[in-house]
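What follows is a single structure, written as structure tokens, with notes after it.
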Amino acid sequence: MLVRSVFHRLCFAVMVGALSTSAMAQKLVSETVEERLKPELLALGFANGQLPELKPAFGNYADAVQVGNMLFLSSAAPQRPDGQFVKGRVPDQVNVADASIAAKLACVRQLARMKLVLGDLERVKRVVYVRSKILSQLDFAEQTKITDACSSLYVTAFGEQGRHARTTEGIVAGPFGVTVEVETFVEVK
């Protein structure tokens, strides 16, 4: 009797979990990428939950290059809604929590680039690879916590297609002293 009762409870729990996962998957399918991003963008301070307008690259490079069905995005630095870049070394000048927000801001710029190049974020088939560089003190070793914020944003936007391979590096110097830089490679439809 006890075994049967436990078995029935286990079956019920599995069914509830499957229904819950199915409901989450259905929600993911019914919402657009930009609708899923809106709460994140609002929390980061972007007006109306919209992706920011981008300025063109200011060096001898392209922000994005598409080769076949792959889109390679140059590294993006974290830019606040007011246009200022997040600068400083982790953790003595920028704490881990603020650096994590900076990583999200860098990914927001990458999402804006994707939209600019592709015209529609629904054309993203999969985020394939992310490389982040964190301006760090020599003894700091928690860079992956910071990159996780960017990875989480991609998963929020694209669901399972947002999960990617990645590399995280701590660096002692970087362009303009920005806290984080993020490169992204994307497969497109």
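In the range 31-44, the residues that are surrounded by 13 or more Cβ atoms within 10 Å (Cβ to Cβ) reach residues that are in a loop (DSSP other than H, G, I, E, B) and among the aliphatic types (A, V, I, L, M) with C-beta atoms within less than 9 angstrom, at least six apart or across chains, in these pairs: 34/51; 37/51; 41/51. Does the range 60-70 contain any residue that is without any contact (Cβ under 8 Å) to a residue 12 or more places away in the chain, open to solvent by 80 Å² or more (accessible area, probe 1.4 Å), out of contact with any strand residue (DSSP E or B) (no Cβ under 8 Å at 6 or more places or on another chain) and part of a loop (DSSP other than H, G, I, E, B)? The answer is yes; a qualifying residue exists.
Looking only at the range 162-179, which residues are on the phi < 0 side of the Ramachandran plot and touching a Phe, Trp or Tyr at 6+ places or on another chain (Cβ under 9 Å)?
Pass one, the range 162-179, residues on the phi < 0 side of the Ramachandran plot: 162-175, 178-179.
Correct list: 162, 163, 164, 165, 166, 167, 170, 178, 179.
Here residue 71 fulfils each of the conditions (1) touching an Asp or Glu at 6+ places or on another chain (Cβ under 6 Å); (2) closer than 23 Å to residue 189 by Cβ apart from (1).
The values are calculated or read from the model by the stated rules, or taken from the named source; none is laboratory data. The structure presented is a predicted model; accordingly, all values stated were derived computationally and were not measured. Note that each Cβ is placed from the backbone with ideal geometry, even for glycine, and that neighbours are counted across all protein chains shown. In case anyone asks, the SASA skips ligands and DNA or RNA and just uses the protein heavy atoms, side chains included. Shrake-Rupley method; radii C 1.70, N 1.55, O 1.52, S 1.80 Å.
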